[in-house]
Amino acid sequence: MGTEVGSQLSESLIDELRKERASLWRILFEQSRDGIVVLKVDGSVFEANQEFARMLGYSIEEIRQMRVWEWDVHFSKTQILEKLAKIGDPGEQLETRKSRKDGSVIDVELSNSATVFEGKKLIFCICRDITQRKLLEAEIFRYATTDNLTGLFNRRSFDQRLTEEMDLTMRYGSPMALVMYDFDGFKDINDAHGHVQGDKVLEQSARLVRDNVRSTDMVVRWGGEEFMILVPQARLVTAKVLAEKLRQVLEEYVFSARFHVTASFGVTEYVPGESKDTLLKRVDDALYRAKARGRNRVEVLSS
Ligand SMILES: Nc1nc2c(ncn2[C@@H]2O[C@H](COP(=O)(O)OP(=O)(O)OP(=O)(O)O)[C@@H](O)[C@H]2O)c(=O)[nH]1
């Protein structure tokens, strides 16, 4: 009799402790600053916390009716199902993008792990909104790789790309050319119309040039009123045609202050095995020759 009462007591104590622990976990789950969603392997939602629902702009009830691919914009349904089937104990970390109820998209970092609960595999996803961090990273990247005034690539980006293109030329024999240009009498433009108008010419011409080259060509602000274009997959003849086209486009363009400007162009082609310095000196020499021979013209120098 005594032992029966004792065992009833200890059972209710265990039950009590279990409830206490369950409510503790529930509090942690609900108060977590990270979004937490527990998924079944078929992509449906087993449970989600308030923060997860808030992150996506839905109510908990709505989230419970959804499948992962309804909010994930980065992975397809097939990819998601494959991932859910594969995730094991050690879990995985990944970045993806989720669409919110209002149509906006957020960047998220996921930390996923799997467990078996009441005989079923469940996937725990801890979800952190990293949209602000991503925006900041993109801004830092833009700042480090482009020129503030024109939005064109800067010399650092050019140097990196040039190394890659030189490697490609060495390995596969694919040609590559450089076009360098510099405005004619830019000092006079500044003197006559003011520095602000001079800046506008640089800005507008950068847009104009970018609109007239291929997306694979790299337009770079070399410094001041000097620019460089890296033209991959191009021989001297092609690059010369491009330079001539740009020369005409610039000459004909009416800038916002209703005046015309011209530019001089130098063109050369990379010779496999030569150094960067040799290549850059040659394109600079070609440009110098265009200036010396009267400006508003294209000069070509081969090795
Ligand atoms: N507005 C403006 N002017 C710039 C900028 N960078 C350089 N310049 C001006 O560009 C002019 C370049 O002068 P020069 O090197 O003598 O060349 P140029 O007058 O174009 O003459 P040529 O190149 O020989 O035809 C200088 O007056 C610089 O101040 C810039 O970012 N904005």
Selected from PRO272, MET228, ALA239, residue furthest toward positive end of dipole (segment 224-293; charges at beta carbon): ALA239
Dipole moment magnitude, nearest 20 debye, the chain about Cα centre, only Lys, Arg, Asp, Glu C-beta charged: 880
Relative contact order (%) - criterion: Cα under 8 Å, at least six apart; region: the chain: 12
Assigned charges on the beta-carbon of Lys, Arg, Asp, Glu; segment 146-300 dipole about Cα centre (debye): 240
Assigned charges on the beta-carbon of Lys, Arg, Asp, Glu; segment 32-134 dipole about Cα centre (debye): 140
Accessible surface of the chain [probe 1.4 Å, protein heavy atoms]: carbon and sulfur percent: 52
Reciprocal of mean inverse Cα separation for segment 32-134 (Kirkwood radius, Å): 13.5
Hydrodynamic radius by Kirkwood, which averages 1/r over all alpha carbon pairs of segment 146-300, in angstrom: 15.6
Rg/Rh (Cα only; Kirkwood hydrodynamic radius) as it applies to the chain: 1.27
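The values are calculated or read from the model by the stated rules, or taken from the named source; none is laboratory data. Keep in mind the model is a prediction, meaning the values are calculated, not measured. No Cβ is skipped: glycine too gets one built from the backbone with ideal geometry, and neighbour counts run over all protein chains shown. When the accessible area is computed, the model is the full protein with side chains, heavy atoms only, and any ligands, DNA or RNA have been set aside. Shrake-Rupley method; radii C 1.70, N 1.55, O 1.52, S 1.80 Å.
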